[in-house]
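First the structure, in the form of structure tokens, and then the observations on it.
Read-outs: derived from the displayed coordinates by stated rules, not from any lab. Nothing here was measured: the structure is a model prediction, and the numbers come from that model. Note that each Cβ is placed from the backbone with ideal geometry, even for glycine, and that neighbours are counted across all protein chains shown.
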Amino acid sequence: MKISARNVFAGKIAAVRSGAVNAEVEIVTDGGDRIVAIVTEGSVKALGLAPGVRANAYVKAPWVTLLTGAADVRFSARNQLAGTVGGLQKGAVNTAVALRLAGGSVVHAVITNEAADELGLADGVAATALIKASHVIVGVPV
Amino acid sequence: MKISARNVFAGKIAAVRSGAVNAEVEIVTDGGDRIVAIVTEGSVKALGLAPGVRANAYVKAPWVTLLTGAADVRFSARNQLAGTVGGLQKGAVNTAVALRLAGGSVVHAVITNEAADELGLADGVAATALIKASHVIVGVPV
Amino acid sequence: MKISARNVFAGKIAAVRSGAVNAEVEIVTDGGDRIVAIVTEGSVKALGLAPGVRANAYVKAPWVTLLTGAADVRFSARNQLAGTVGGLQKGAVNTAVALRLAGGSVVHAVITNEAADELGLADGVAATALIKASHVIVGVPV
């Protein structure tokens, strides 16, 4: 199977926290990076999501928000992934940014060129990727 | 009214499943395609969402993820719409893809050119559109 | 701190409505514009979100849907922000649109050129921005 989402985090489910309609699923990659997803309870049952199960987290690159500089704001986004810029591709309007995390995962973001300039993004710059848990799709290999 | 969202699925509500804050709303198009949306309980009451009510599901094209190939991963996304590619428009960075579903609905997706190449997208190729229920806006004609 | 999200609405929390997994947080800008966000209960506790607390709402421009014309459809999106177009930037595929709200906030949207044409967007045209509450990230200055 091939998927258009540029971010695929392969790992194992560490925790599932249930609600009435939605559940929070925490996936830990083999390198130790953590991604939290919100999925419906229907998906938890249908996919058999439970601690220890191997699962992938998928995120489209335009859903990733990037931060640089002093941590003077705390965010609601459940995924705040600190890393180092390791690749920039500038288009006419948007810039594609690759961010390497401590555990070895790479986060791909698409942001405007204006934002890329403001943030001072360049190879080696420290940055953080914000990803809302509700923007993460969970997949279970069969 | 005109809307910028490229995907508009017109149909009738088949089911509403309620939670504490959110509810799942299932819309069936006249052609039989099904779209599930997650909206707040406030919207269910304000819009009078109930089985039998005519409603539209709106989805921006960049929120659609595409898949091709063997179904070797099962996904949490509530909307997994199988169809056939019927139109590709390649830009400098992104490709717009039209996917025709069995019921006649057309799903518009915007993905990167790199992804379009990897997936081998071309007219007539079978593909599946993944859409998270939380990315669907529901509208009721008045 | 610098952030890639083009929409930053600075204000004060007016209300927090709690659920089992998620909560709805309403932020009112100093100019009186209102933005509703859905965040996890974990974030409500971690960030100390409560009425009166200063907070920012962040939204990426591609997550904003625009409407023009007669209000003949009612929408589930919790944020329906009426304003006037005050700036358009056309690219090869997408158009960036600035919408000025009554309270002085500016909403930045990225939509396709095709949609911009269909909606008849031009400076001074009345339009409405739809933003799903689940697409809003909340930040608290520290």
Only one of (1) over 14 Å from the mean Cα position of the chain (by Cα); (2) surrounded by fewer than 16 Cβ atoms within 10 Å (Cβ to Cβ); (3) more than 8 Å from chain A (Cβ to nearest Cβ) does not apply to C:Ile13, and that is (2)
Result of the Cβ filter at 7 Å on segment C:119-142, keeping first residues that are on the phi > 0 side of the Ramachandran plot and partners that are among the aliphatic types (A, V, I, L, M), at least 6 apart or interchain, is C:Gly124/C:Val85
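Yes/no matrix, rows are residues, columns are (1) of a type in the set (A, V, I, L, M, F, W, C); (2) within 13 Å of the chain's Cα centre (by Cα):
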position: C:Thr29; (1), (2): no, yes
position: C:Asp33; (1), (2): no, yes
position: C:Val39; (1), (2): yes, no
position: C:Val44; (1), (2): yes, no
position: C:Gly48; (1), (2): no, no
position: C:Ala55; (1), (2): yes, no
Report task. Within segment B:39-48, identify whether any single residue is in a strand (DSSP E or B) and facing another protein chain (nearest Cβ under 7 Å), and answer yes or no. Result -> yes
Sole miss for A:Met1 among (1) hydrophobic (A, V, I, L, M, F, W, C); (2) within 11 Å of another protein chain (Cβ to nearest Cβ); (3) over 25 Å from C:Lys45 (Cβ atoms); (4) surrounded by 18 or more Cβ atoms within 10 Å (Cβ to Cβ) is condition (4)
Subset of segment B:4-48, residues touching a Gly at 6+ places or on another chain (Cβ under 8 Å), over 13 Å from B:Val140 (Cβ atoms) and among the hydrophobic types (A, V, I, L, M, F, W, C), comes to B:Ala20, B:Val21, B:Val28, B:Ile35
Counting only residues in segment C:4-16 that are touching a residue at least 60 places away in the same chain (Cβ under 8 Å) and assigned to a strand (DSSP E or B), the one farthest from C:Leu47 (Cα to Cα) is identified as C:Asn7
*Quick check: is even one residue across segment C:57-75 of a type in the set (Lys, Arg) and over 17 Å from the mean Cα position of the chain (by Cα)?*
yes
C:Gly52 vs (1) small (Gly, Ala, Ser); (2) within 13 Å of chain B (Cβ to nearest Cβ); (3) surrounded by fewer than 17 Cβ atoms within 10 Å (Cβ to Cβ); (4) over 21 Å from B:Val110 (Cβ atoms): all pass except (2)
